[in-house]
Structure formats: C-alpha cells, structure tokens
C-alpha cells in the first residue's frame, strides 16, 4: 500500500514538472479559444467608440438645442421655399409649396441635424442621393395618383388607391426610397380634385412642381441652414 501511494505521488510530480498536466489542458484550451473572441469584440467596439467620440465632438449641443435647431431650420426652409414659389410662379406656372411639404421640411431638418453630428451635413454626394430617392418617390406617386383620378374620377376610393399606390411605386422603383410624405401628396391631389381646387388643374405637372422640386429644394435648404448654424453652435457647446 505505501508503495502504491509513493508511486501515485511520483506520477503526479512528473506530470506537474512536464508542464502539461492532463487536468489543465481543458482550461488552457478554453482560454485559448476565448482569446480570439475577446480580440474580435474589442475590434468591433473600437469603430463604435471612435464614432461616438466624433459625434460628441461635432454635436451642436444637447437634445434641446438640437430640437430648436431642427425647428429653426424647418421654418426658415419653408419661408425661403414660399418666397421662391412667389418669385418663380410665372415661370413654373405651378406653386413650389403645398401643405405636405411642412412635414417634409421637418423630416429633412431632423436629418440635417443628425448628419451634422457626423460632419456630413453638406456632403454633395449624400444630398444628391437623397434628393433622387425622395424626389422620384413623390413624383412617381403623384403621376400614379393623377392617372388613377383620371381613370376612376375623384372619390374616397380613388384617394385610398392613390395612397396605396404610392407605397407600391416606392417599393417597385429601383431609384426611389420609401418616403411616407408621398402619401400626403397623393391624398392632397385627390382632395383638390374632389373640391375642384387649383392644384388638381396642374394634372401631371403636379409631379414636377411642387412635388419633386419642392422636396428637393427643401432638402438642400435645410442642409445649408444647419450647415451655417453648426459651426457657431459647436463653438458654444465647447466653451
């Protein structure tokens, strides 16, 4: 019996001295497997941390400040668009402003503030891409609405089909994005057709102005307004 105990002790000492005891292998394997996972996690966190730091540096202020900037930008853009509408109404033979553009201006103002945090508020490529996606979305939806109204007449059913059709168009178009205010443009046209309003008399021109041009101009105006306000606001935020 003592011989067996001595043999067991000797074996244990030999395993410890060898540096690779069997009972330690699983733990080492688990640590080796966990190391790459930890490295991947750190690598994934690094860009997010860098982005957050950049956004903090480019922030226009707190949430309330950004809300005020959004409202100011949206209002200024609408004012300028209405002024342009008056100035060019003889040339265009159509208004540049209709009520759905109020919501459009707020959407673009909020987006401009968000882009200001990343330093891309005046990115020409981004503005062009968004102008194409939103402009073609509302223009195509309006063309569909005018066609439906001419075929079926102005009615509540026609209004419903026009709003539904705006979604179908945006989903099917390879160049358009999904832009919900397109549905408001469609509903307005049918309402004007029911009431015999002046907007309905524009027919297919409605898709160009105010729909496409008004949307594109509001995008540009909001980006410019926020871009102008961004620098002094950042200076105040850092002070």
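Remarks
- Every residue from region 136-157 that is surrounded by fewer than 21 Cβ atoms within 10 Å (Cβ to Cβ) and part of a helix (DSSP H, G or I): 143, 144, 147, 150, 151, 152, 156, 157
- Screening the candidates 164, 187 for the property of being out of contact with any helix residue (DSSP H, G or I) (no Cβ under 8 Å at 6 or more places or on another chain), under 23 Å from residue 107 (Cβ atoms) and surrounded by fewer than 22 Cβ atoms within 10 Å (Cβ to Cβ) yields one hit, 164.
- Region 98-129 - residue that is outside any helix (DSSP H, G or I) and crowded, with 18+ Cβ neighbours inside 10 Å and, of those, farthest from the chain's Cα centre (by Cα): 98
- Any hit, region 196-205, residues being outside any helix (DSSP H, G or I) and touching a residue at least 24 places away in the same chain (Cβ under 8 Å): yes
- Here residue 63 fulfils each of the conditions (1) out of contact with any helix residue (DSSP H, G or I) (no Cβ under 9 Å at 6 or more places or on another chain); (2) closer than 22 Å to residue 210 by Cβ apart from (2).
Read-outs throughout are calculated quantities, based only on the coordinates presented, and are distinct from any laboratory measurement. Given the structure is predicted, the values throughout are model-derived calculations rather than measurements. No Cβ is skipped: glycine too gets one built from the backbone with ideal geometry, and neighbour counts run over all protein chains shown.
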